[in-house]
Structures are given as C-alpha cells and as structure tokens.
Amino acid sequence: MARNIINKYLWIVDTLRRYHSLTLSQLNDLWVRHEVDEGRPLPRRTFMTYRNGIEDMFNININCNKSNYEYYIENYGDDSRDAHLEWMLDSMALSGTLQNSQDVASRIMLEDVPSARHHLPVVIDAVRHNLCIKFSYRSYVRAGETKGNVVMPYFVKIFKQLWYVIGFNTRDNKIKTYALDRMSDLTILADKPFEMPEGFNPKDFFKDCFGITTNSNEPKEIKLRVEPVQAKYLRALPLHESQQEMVQVGGYSVFTYRMRITYDLRQQLLSMGANIEVLAPAELKTQIKEELRKALDLYN
C-alpha cells in the first residue's frame, strides 16, 4: 500500500487517540487544517474506507457513538493495548520520518537491532498462532551451544535495543527468557500447538523487575539519593512504574521504588556512577559497593 495512505491512517489513529473522540465534521476540520491531503476535505465515504483499512492493517477498531455521532478507538484505555498502540504509532512515525529524510541519511545515526530483522517476525508468528518454536541457543554465561530447545512462546519484550522471547521450555519444564540475537536454526513447529496458561499476564511477569532478568525473591523497598542532573533523567524516563520522588532539595533528590534486586537493576545503578547512592536496602548497597570495589581493584 502506498506510503501516503499509511500516513493518512496514522494521522487518523493518532488524532483520535489524542482527542479521544470526534465527530466526522470535527475530524474533517483538523484534517483540512493540518493539510493531511494538501488541504482537501475528508469525505464521509473516504473516511469509511480508511476506517476499514485501519482495522484490516492494524487491528484497530474505530467505533461510532450513536448518541453524539463521535468516533473513537475501541478499548482505548486498556493499558496493554495502549502500550502496543503507542509503540506502533511511534515506530510508524519514525519510519515515515526516515523515509522522507533520504537526503540526510548519512547524518542520521541508528542502532542496529539484528534480532528484529532476522528472528522477530518468525517468533511473533508463533506467538500469534500459539505454536511452539525450536532453536539452538548460545548463552553468554554457559560454554557451548544448547540445541533442540523447544519453547512455548508466551510473549516478546524489547530491552536496550534487543528483543527477547519469554516462554515455557518443555525440556526444563519452566519459563525462561531467550535473547533473539543468540538464537540459530529457528523454526516454527506447526504440529506442536499450545495453550496459554489460564490467568497468565505478560505485564505481571516483569511487574516488580527492571529490565529482562527476574527471580523468585520478594520485591524490596529501594531508596536512591540522586544528584540534580541525574534526577532530571529519572523524571523524564523512570526506572520503574513504582518510582516516586520523595525528596527534592537543592543538592539532591530521593527516589523510592518497589522492585526485586536483579542483575539488570544492579548494572543500571552501576552505570550511573557517582550520580546516585543506594540508601536502602542494605543488601543492595553492599552488592553495589562490592562491584565498585572489584572495579577499583582492576586499576590498582
């Protein structure tokens, strides 16, 4: 489909998302004002065609409230759906911007995400149809490669420009996380369908964690003392949904969280260097101090 049509679909979805609901007349006024189609109006018949196209392409349903004839996105307000919609719109907006910027392509630096290019479409297809996948895997913490892993792919997650699939390993009999860039010989097992566990919620799986690592430990109350500039970054991009800024004075801020202590969390805190201090819990403070001591020993 022509890029121009996709951009129109994107504009309609994004506008309804921001305004929540609009009559066709109101939508048309915005359409003309923003010169989406070079200032031409949006006829009702064309809008209905675009509405069907949006549903077919993106599985986004635009409904009409018969009491006021306002159009709205169905189920907008569901957290998991909203997150997917936000990501899709952001990705499409970025794609459209890049496609229109070929004249300055050499001045736009992007990060490579090979796992998305090679394996993500296959894994998502397996997720969509509830089919097991089989692959070889090379872990960074184990020697050699494990072959013949058969996994029920429950969901996928992106973290720091890498895609992961989380699913039930039929040989190990437990849920495990796999980085797509460390897979090889990936295939879908068309003869091995599976059913999602009743009540399983992907969002809850990492609810108390930062990043992609988790454990069975209880979440802890974590308190960080943060210098002013770093605090601005945390306000703009919180470490975790539980983040609260409890103290803000001239020289520092104090942020609190409720999270499990994991490898990814420790690595993130260490990456902030002297800009943060772990105040609690004591075990996390001790772990960070030990890692810093080991780092200093390398320079002695």
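The values are calculated or read from the model by the stated rules, or taken from the named source; none is laboratory data. Only a predicted model underlies this, so the values are computations on that prediction, with no experimental measurement involved. No Cβ is skipped: glycine too gets one built from the backbone with ideal geometry, and neighbour counts run over all protein chains shown.
Numbers below:
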| item | result |
| --- | --- |
| Complete set of residues in segment 9-34 that are modelled with pLDDT under 85 and either crowded, with 16+ Cβ neighbours inside 10 Å or among the charged types (D, E, K, R) (or both) | 10, 14, 17, 18 |
| Subset tally (residues that are in contact (Cβ under 8 Å) with a residue 40 or more places away in the chain, out of contact with any Gly (no Cβ under 6 Å at 6 or more places or on another chain) and closer than 18 Å to residue 204 by Cβ) for segment 253-264 | 4 |
| Index of the failed condition, residue 214 passing every other in (1) buried (at least 17 other Cβ atoms within 10 Å of the Cβ); (2) out of contact with any Leu (no Cβ under 9 Å at 6 or more places or on another chain); (3) assigned to a strand (DSSP E or B) | (3) |
| One residue from 121, 153, 193 being of a type outside the set (A, V, I, L, M) and over 24 Å from the mean Cα position of the chain (by Cα) | 193 |
| Failed item, numbered, when residue 43 is tested on (1) farther than 30 Å from residue 192 by Cβ; (2) at pLDDT 85 or above; (3) surrounded by 16 or more Cβ atoms within 10 Å (Cβ to Cβ) | (3) |
| Candidates 182, 142, 138, filtered to the one that is closer than 26 Å to residue 267 by Cβ, in contact with a helix residue (DSSP H, G or I) (Cβ under 7 Å, 6 or more places away or on another chain) and not assigned by TED's automatic domain parsing to the domain that holds residue 265 | 138 |
| Failed item, numbered, when residue 249 is tested on (1) farther than 25 Å from residue 141 by Cβ; (2) crowded, with 17+ Cβ neighbours inside 10 Å | (2) |
| Meets criteria (over 30 Å from residue 130 (Cα atoms) and assigned to a loop (DSSP other than H, G, I, E, B)) for residue 239 | yes |
